[in-house]
Every structure is written in structure tokens, then in C-alpha cells.
Amino acid sequence: MIPRVAEDPSAPPPVAAPSASPGRPVAFGILLMVVSVGFFAAMNMLVKLIGPDYHALEAVFFRNIIAAILVIPFVLATGGVRTLKTRQPLGHALRALFGIASNALCFYAYQRIALSSGMAITMSVPIFAALLAIPLLGEKVGWHRWTAIAIGFVGVIIALDPRGTIHEGSLYALAGTLCWAMVVIYVKKLSATESPYTIVFYYMATGALVATCFLPWVWVTPTSTVWGLYLAIGVVGTVGQITMTFAMKLAPASVVSPFEYTQIVWAVLFDMALWAVAPSTATLTGAGVVIATGLYIFHREAKRRH
């Protein structure tokens, strides 16, 4: 398995898609991946604009309910109700719960720390997923990957910047990253028997349902501006998901997945343009180590497969 980078742990992982057919424009697939990651980064930017006065679970509710509605036409176009038949209801439930937890934790983090600081941590998903794949998927790991995993953890520690007081938002981002690594594992298991749209729809629907249960305790009536931001979060997240799906169809996952690391570029641009915040040295250094480690894991996996 090539553990994918979480384009943004607040959003569902890219759905599985067929590898590229001969003649398909691989370069266009790479471009779509970069654009898709930009959409997910924009979704996190919108969450940050809403701010900590609104609970992260409220944002999760609107993100999921809007996406669930928008994905229905795709379900209908690819087999209708039959597409929703599942052989792994428990797997869908666990994938959804870990996904919801990751969304809520990362939304909470992005509301309180710089986007670039949060994403420097969440980009470590492939590292945690590679580690979790050993006991949960029975994967064999040689010394090359163990070394990469160890170095990746060093990168995460650098990004957390333990020299001073670690912001609680960074710890929430780390917890969200661990949950998202579990999502990667469960998506891998579900993909063996389930359609991509089945996985996405059940995640969105379950996420909205679970978040609804918490709304009586966390609800703050949105202003007209926040209503618009919530709508934009759902739409932008869904467009990012669809764009990523097409990217995975146009080019092999091993080719386009590394470009998910461009999320740090989007995050830095949003931070500087909207909040006049430049990334710290620790953030950039940690992100660099994490990216290098992730790319090495992708390279080793692609080499093993070929």
C-alpha cells in the first residue's frame, strides 16, 4: 500500500480510481492534483476564517451534510441505490468515526494556529499510516521504511517546536493526523469490496449524523457571513474530492500522490495573504523533513511494485 498524504485531514481521502490508461495526459492529472489540494487548503482556510467562536463539530456537520447532498448525483449516475450496498457495514462505521474525529480535531487546530503550522504536522499521515499498516494490514517493513518512519517522526517533532510551549492546537493537529492515518487503513480495507462512491457517501452521511448528535451542546447560530462560509466549505471540499478523483483516473496514484505535498505552499500563501503570518523556521524545517520522508516512502513502494 502507498499511504497517501492527507490532502487535508479535514476532508475525506481521495477515492480509489483506476490507474491511467495509455495516452491519458498524465501531466493534466498532476495539475488536477495540485488544484485539488488547493481546494482542500481553501476549505481549511474557510474554517479558520470562521474562527474559534464556532465549534469545530458544527463546521464538520455542514461540511458533511452539504457534501453528502452534492455526491448523490454521482451515486445515481453510477448505479443508484445498488451502489450503496455494502459488505462491510462495520468497516464503514469505523472509517467514518475516525474520519469525523480527524475532521473535528484538525478544524479545531486550524481555528487556532497558522495553516502552515497545522499542515506541516498533518502531512505526516503517510508516516503514521506506514507504521499502522504493520499490525493492522500485516504488511512487511524492511529497514529502509523503518528508517524513513523514524526520520519522519523527527520531522513531526521539529514542526511541533518543543523548544518553547507547544500550542494546544498543534497537539490537536497531531491527534487528527493519527485518526486520519486510521482512515487510510480502513479505506484500504474497504476498497477491496466497496465502490469509491459507497465509501464517500457513507462517510459523509455518517459524519453528518454523528455531528448532529452533538449540535445541541455546541450549536451557535451562524451570522449571515458564517452561513455563506459553511456553504463554501461544503462546496469547496466536494469539488476538491471530485477533482482529486479525476486526477487519480488520469495518472497512477504513485505519480500524482506526492503532489499532495503542495498543500504546504497553499497554506503559506493563505497565511501570508489573509493573516500576514510567515511560516516559522521550525515549521518549514519540519515540513521539509516530513515531505522528504514521505517521498522516500512513495519511491520505495513504487519500486517494490515494479
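The values are calculated or read from the model by the stated rules, or taken from the named source; none is laboratory data. Everything quoted here is computed from the prediction, not taken from an experiment. Note that we place each Cβ from the backbone using ideal geometry, even for glycine, and neighbour counts take in every protein chain shown. Note: areas computed on protein heavy atoms with side chains; ligands, DNA, RNA excluded. Shrake-Rupley method; radii C 1.70, N 1.55, O 1.52, S 1.80 Å.
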Exercise for the section: Taking TYR230 as the residue in question, decide whether it is farther than 27 Å from ILE121 by Cα and not aliphatic (A, V, I, L, M). Expected result: no
Problem - Any hit, segment 31-49, residues being of a type outside the set (Asp, Glu), modelled with pLDDT under 90 and outside any helix (DSSP H, G or I) - result: no
Practice task
Identify, by number, the condition in (1) closer than 30 Å to VAL226 by Cα; (2) in contact (Cβ under 8 Å) with a residue 12 or more places away in the chain; (3) in a helix (DSSP H, G or I) that PRO73 doesn't meet.
Solution key: (2)
Exercise for the section: Working only within segment 271-301, note down all residues that are open to solvent by less than 30 Å² (accessible area, probe 1.4 Å), hydrophobic (A, V, I, L, M, F, W, C) and closer than 18 Å to ARG163 by Cα. Expected result: ALA282, ALA287
Handout entry: Of all residues making up segment 109-138, the number that are assigned to a helix (DSSP H, G or I) and closer than 17 Å to VAL268 by Cα
Key = 10
Practice task
Determine if segment 210-217 includes at least one residue that is within 19 Å of ILE65 (Cα to Cα) and among the aromatic types (Phe, Trp, Tyr).
Solution key: yes
Handout entry: Options THR225, THR177, THR238; residue that is in contact with a Phe, Trp or Tyr (Cβ under 7 Å, 6 or more places away or on another chain) and closer than 24 Å to LEU57 by Cβ
Key = THR177
Problem - Single unsatisfied condition, LEU231 versus (1) buried (at least 17 other Cβ atoms within 10 Å of the Cβ); (2) within 30 Å of GLY79 (Cα to Cα); (3) more than 18 Å from the chain's Cα centre (by Cα); (4) of a type outside the set (D, E, K, R) - result: (1)
Exercise for the section: Working carefully through the options ILE134, ILE149, ILE158, find the one that is on the phi < 0 side of the Ramachandran plot, free of Cβ contacts under 8 Å to residues at least 12 places away in the same chain and open to solvent by less than 60 Å² (accessible area, probe 1.4 Å). Expected result: ILE134
Exercise for the section: Scan segment 35-90 for residues that are out of contact with any Ser or Thr (no Cβ under 8 Å at 6 or more places or on another chain), more than 23 Å from LEU105 (Cβ to Cβ) and surrounded by 13 or more Cβ atoms within 10 Å (Cβ to Cβ) and jot them down. Expected result: ILE69, ILE72, PHE74
Problem - Among the residues listed as VAL210, VAL183, the single one being open to solvent by less than 10 Å² (accessible area, probe 1.4 Å), under 17 Å from ALA96 (Cβ atoms) and touching a residue at least 24 places away in the same chain (Cβ under 8 Å) - result: VAL183
Problem - Condition check for LEU178: within 17 Å of the chain's Cα centre (by Cα) and aliphatic (A, V, I, L, M) - result: yes
Exercise for the section: Report whether or not PRO126 is surrounded by fewer than 17 Cβ atoms within 10 Å (Cβ to Cβ) and either modelled with pLDDT under 85 or out of contact with any helix residue (DSSP H, G or I) (no Cβ under 7 Å at 6 or more places or on another chain) (or both). Expected result: no
